[in-house]
């Protein structure tokens, strides 16, 4: 039995398949359903958990290269929220219009849906 780290078996299995140049989506609660993607829904109640909660759990154990987010995150959120995301990611974010961000989704190996209510909180991680 696991005593620490990520305890969710579906997330562990997904992360085990996250290999060189694969992408993984971590999405907010309003993100559209993508039938072709393995989706692990961990939403419980408003903001439990958030995208940042998931990032804090997985970033220390993954080899991550490029990180993609919608430009709209910067214009629809406070400086404090933006700074928290910068701290989590080391500021290694490629910003793009939301429409371009969504074009990346079908190529992902999976999607983790959170209960995040932060506008445009979605993020795509690419394995290094």
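Read-outs throughout are calculated quantities, based only on the coordinates presented, and are distinct from any laboratory measurement. Not measured: the values here are computed from a predicted model. Please note: Cβ atoms are built from the backbone with ideal geometry, for glycine as well, and neighbour counts cover all protein chains shown.
Against the list (1) without any contact (Cβ under 8 Å) to a residue 24 or more places away in the chain; (2) closer than 22 Å to residue 18 by Cβ, the condition residue 74 fails is (2). When segment 88-103 is filtered for residues that are under 18 Å from residue 54 (Cβ atoms), in contact (Cβ under 8 Å) with a residue 12 or more places away in the chain and assigned to a loop (DSSP other than H, G, I, E, B), the ones remaining, listed by number, are 92, 93.
Scanning segment 104-128 for residues that are closer than 26 Å to residue 13 by Cβ and assigned to a loop (DSSP other than H, G, I, E, B) yields 104, 108, 109, 114, 115, 116, 121, 122, 128.
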